[in-house]
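Colleague: I have a structure I would like to understand better, so I am pasting it below and will then ask my questions one at a time.
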Amino acid sequence: MQFSGQRAATDRLPMTQRRKSRILFVSVQIVLAVNSLAQTASAPDPPQVTAKNRVVSLTLDAVNEDGRDAFAFNGKTVAPVIRASPGDVLKITYNNKLPSKSAGSCAVNPCMDMTNLHFHGLSVSPDAPQDDVLTMLAKPGQALHYEVRIPRDHPPGLFWYHTHPHGESHRQVLDGMSGAIVIEGMERYVPEIERLRERVIVVRGRSIEHDPDAARLMRDVAVPAKGCGGENEAVEEVFTVNGALRPGIEIAPGERQFWRIVNASADRYLDLQLDGESLEIVALDGMPLAYRDPKRPTMTSDHLLVSPAGRIEAIVTGPPLGAPRMLRTLCVNTGPAGDPNPGMVLADLVLPSAKAAAKEAHVIDDRPPVYKPVDVESLKQTAPDFVVTFTEDQKGFYINGKKFAMDAPPMTTARVGTYQRWRILNLSDELHPFHIHQVHFLAYAENGKPLAQSAWLDTVNVPVAGNVDVILDFTDPIIKGMSVFHCHLLNHEDKGMMAKILFK
């Protein structure tokens, strides 16, 4: 308001003075804009753990702090970013220091405070002591010892780890028990990345259902009064970035950075948008686009729907000064029976501070790229090898009419060395994200129509009362043993929407 009066007053000055005054006025505007941007606290960078002599070694504790379950690392309740190269070994001691009697509520009560780890998206063995979520379970006071061997030919990309005890996974992940895993080498497929500043961005859902400051928190992240669907429930969660609510991300106008974003929410979708700028995507769900299609190392998009557990790795460009500077999620209509998934601001883009940037732990992989294109056109014409049907009622959530049970036999098998075509049906009135452990798949059709952009993923959104067609890659000889597939709305998985698969 004060500037409108000042601007009117300059019109009564001589031309030379008017120009000087307007220049001064523009300068004041810029200074104020810079100061305004600088007031937003920068997003905290999680600690990073790297390999020594090809071994990434760390200790994680499961603890309860102020009523929330959390990972404790090096004396702080913050989950580290695990950085490894193909051929490395992850050696993780995981101590369950949760209370012997839980005061919390789980999807299936009573809570037992059992816990374990899942290495989401990694092409590693499902047998103990690697990515085993079925038999490796720690009670309070017990410890698990993981030794996860990353294959030498493992694709580079962004993966993540989170707890996966059936019946209790939703509560623990909602509380924030998750962290990012980076497998080095993306510059092999997009050389420009080697020169860019990298940011690992972990987006989590934070429950505000019983928070007395819920209204203020929603205002802070600009949740609109009206959603985009027919949901009648109140907003239950807001998103955080690296544990902070609407932090700042430092980027200069026109600067290009490499962002690696994981949707670590237990049950919420992201429709990511960077105001005024496109996302130059180089990888999805830890799979470089070029790995399967050397002619398409990148693709651009104005916004992208990222399911719970999904990841996007993209080159972004800092918007011009004076332009909107926000990373946001757009509203996602999750269906008549779905949970509210409103739009909100995730982070503000702020100008770089004077202090030096933190030293990055990035390791350059100088091997030539390896490509694995595959012709699956003939397989698309065959009948599905297996059909997954998601249903739900007031008593629970089901796959092919069955609730998961620990003692259940495998619902299906896959012969190592083959590809299979599956169809995933959603017969409910809400969205469901389908995820399978250990392997990636090509999502190529939705409701019988080819997708505009097919993609290799490990988690795919299945539309309300619809279906998706996928081709799964079971050719990795390392992947043998008992594994699982499930809905990655973890409260649905906890309540039964999971099944076993035997790789043999």
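Colleague: Of the residues ASN426, ASN461, ASN467, only one is at pLDDT 95 or above, in the same structural domain as MET482 (by TED's automatic domain parsing) and farther than 29 Å from ARG260 by Cα; which?
Modeller: ASN426 is the lone residue from the list that is at pLDDT 95 or above, in the same structural domain as MET482 (by TED's automatic domain parsing) and farther than 29 Å from ARG260 by Cα.
Colleague: Here are VAL363, VAL370, VAL332: which of them is β-branched (Val, Ile, Thr), in contact (Cβ under 8 Å) with a residue 24 or more places away in the chain and touching a Cys at 6+ places or on another chain (Cβ under 9 Å)?
Modeller: Answer to the selection: VAL332.
Colleague: Okay, next question. May I ask you to say which residue of GLY157, GLY176, GLY167, GLY141 is over 23 Å from LYS504 (Cβ atoms), surrounded by fewer than 21 Cβ atoms within 10 Å (Cβ to Cβ) and either in contact (Cβ under 8 Å) with a residue 60 or more places away in the chain or touching a helix residue (DSSP H, G or I) at 6+ places or on another chain (Cβ under 7 Å) (or both)? Full working, then the answer.
Modeller: Details: GLY157 fails: surrounded by fewer than 21 Cβ atoms within 10 Å (Cβ to Cβ); GLY176 fails: surrounded by fewer than 21 Cβ atoms within 10 Å (Cβ to Cβ); GLY141 fails: either in contact (Cβ under 8 Å) with a residue 60 or more places away in the chain or touching a helix residue (DSSP H, G or I) at 6+ places or on another chain (Cβ under 7 Å) (or both).
Just one listed residue meets the conditions, GLY167.
Colleague: Are any residues in the stretch 291-312 of a type in the set (A, V, I, L, M, F, W, C) and either modelled with pLDDT under 95 or surrounded by 18 or more Cβ atoms within 10 Å (Cβ to Cβ) (or both), and if so, which ones?
Modeller: LEU304, VAL306, ALA309, ILE312
Colleague: Could you tell me whether the stretch 56-67 includes any residue that is at pLDDT 95 or above, of a type in the set (Ser, Thr, Tyr), within 13 Å of SER178 (Cβ to Cβ) and assigned to a strand (DSSP E or B)?
Modeller: Among the residues of the stretch 56-67, not one is at pLDDT 95 or above, of a type in the set (Ser, Thr, Tyr), within 13 Å of SER178 (Cβ to Cβ) and assigned to a strand (DSSP E or B), which makes the answer no.
Colleague: Let me ask another. State yes or no: is VAL316 closer than 22 Å to SER207 by Cα, assigned to a strand (DSSP E or B) and of a type in the set (Val, Ile, Thr)?
Modeller: It is false that VAL316 is closer than 22 Å to SER207 by Cα, assigned to a strand (DSSP E or B) and of a type in the set (Val, Ile, Thr).
Colleague: From the list PHE386, PHE441, PHE390, which one is closer than 23 Å to LEU134 by Cα, in contact with a His (Cβ under 7 Å, 6 or more places away or on another chain) and not hydroxyl-bearing (Ser, Thr, Tyr)?
Modeller: Only one candidate passes the filter, namely PHE390.
Colleague: Filter the stretch 59-106 down to residues that are among the acidic types (Asp, Glu) and either touching a Lys or Arg at 6+ places or on another chain (Cβ under 6 Å) or buried (at least 20 other Cβ atoms within 10 Å of the Cβ) (or both) and give me whichever is farthest from HIS164 (Cα to Cα).
Modeller: Filtering the stretch 59-106 down to residues among the acidic types (Asp, Glu) leaves 61, 65-66, 69, 88.
Filter once more, so that each one left must be either touching a Lys or Arg at 6+ places or on another chain (Cβ under 6 Å) or buried (at least 20 other Cβ atoms within 10 Å of the Cβ) (or both): 61, 69, 88.
Details: ASP61: 15, ASP69: 13, ASP88: 23 Å.
Only one residue fits best here, namely ASP88.
Colleague: Shifting gears a bit: Kindly list, by first and then second residue, each pair from a residue in the stretch 313-328 that is modelled with pLDDT of 95 or more to a residue that is small (Gly, Ala, Ser) and surrounded by fewer than 17 Cβ atoms within 10 Å (Cβ to Cβ), limited to pairs with Cβ atoms under 7 Å and residues at least 6 apart or on different chains.
Modeller: Going by the 7 Å Cβ cut-off, the qualifying pairs are THR317/GLY254; GLY318/ALA252; GLY318/GLY254.
Colleague: Can you work out which of the residues in the stretch 392-432 that are β-branched (Val, Ile, Thr) and under 23 Å from HIS166 (Cβ atoms) is surrounded by the most Cβ atoms within 10 Å (Cβ to Cβ)?
Modeller: Of everything passing the filter in the stretch 392-432, ILE424 is surrounded by the most Cβ atoms within 10 Å (Cβ to Cβ).
Colleague: Is it fair to say ALA452 is among the aliphatic types (A, V, I, L, M) and more than 24 Å from VAL416 (Cβ to Cβ)?
Modeller: So ALA452 passes the test.
Colleague: Filter the stretch 418-444 for residues that are in contact (Cβ under 8 Å) with a residue 60 or more places away in the chain and within 16 Å of GLN381 (Cα to Cα); which is farthest from the chain's Cα centre (by Cα)?
Modeller: Among those that are in contact (Cβ under 8 Å) with a residue 60 or more places away in the chain and within 16 Å of GLN381 (Cα to Cα), it is TYR444.
Colleague: Residues that are in a loop (DSSP other than H, G, I, E, B) and either closer than 20 Å to ASP220 by Cβ or under 17 Å from the mean Cα position of the chain (by Cα) (or both): does the stretch 296-307 have at least one?
Modeller: yes
Colleague: Now a separate question. Working only within the stretch 94-139, note down all residues that are assigned to a loop (DSSP other than H, G, I, E, B) and among the β-branched types (Val, Ile, Thr).
Modeller: VAL108, VAL124, VAL133, THR135
Colleague: So which strands (runs of 3 or more DSSP E) stay within the stretch 462-504 end to end and still have 1 or more residues that are touching a helix residue (DSSP H, G or I) at 6+ places or on another chain (Cβ under 8 Å)?
Modeller: By residue number, 467-474, 481-487.
Colleague: Determine which single condition PHE474 fails, assuming it passes every other condition in (1) modelled with pLDDT of 95 or more; (2) within 22 Å of GLY157 (Cα to Cα); (3) within 23 Å of the chain's Cα centre (by Cα).
Modeller: (3)
Colleague: Let me confirm something: among ASP393, ASP458, which residue is closer than 26 Å to GLY205 by Cβ and without any contact (Cβ under 8 Å) to a residue 24 or more places away in the chain?
Modeller: Working: ASP458 fails: without any contact (Cβ under 8 Å) to a residue 24 or more places away in the chain.
Step by step, each of ASP393, ASP458 is checked, and only ASP393 is closer than 26 Å to GLY205 by Cβ and without any contact (Cβ under 8 Å) to a residue 24 or more places away in the chain.
Colleague: Same structure again: Considering VAL108, VAL133, which residue is touching an Asp or Glu at 6+ places or on another chain (Cβ under 8 Å) and not polar (S, T, N, Q)?
Modeller: Values: VAL133 fails: touching an Asp or Glu at 6+ places or on another chain (Cβ under 8 Å).
Being touching an Asp or Glu at 6+ places or on another chain (Cβ under 8 Å) and not polar (S, T, N, Q) holds for just one of VAL108, VAL133, which is VAL108.
Colleague: A further question on this structure: Could you list all residues from the stretch 480-498 that are surrounded by fewer than 22 Cβ atoms within 10 Å (Cβ to Cβ) and either free of Cβ contacts under 8 Å to residues at least 40 places away in the same chain or touching a Ser or Thr at 6+ places or on another chain (Cβ under 8 Å) (or both)?
Modeller: Of everything in the stretch 480-498, those that are surrounded by fewer than 22 Cβ atoms within 10 Å (Cβ to Cβ) and either free of Cβ contacts under 8 Å to residues at least 40 places away in the same chain or touching a Ser or Thr at 6+ places or on another chain (Cβ under 8 Å) (or both) turn out to be LYS480, GLY481.
The values are calculated or read from the model by the stated rules, or taken from the named source; none is laboratory data. Since the model is a prediction, treat every value here as computed from it, not as a measurement. For neighbour counting, all protein chains shown are included, and Cβ atoms are generated from backbone atoms with ideal geometry for every residue, glycine included.
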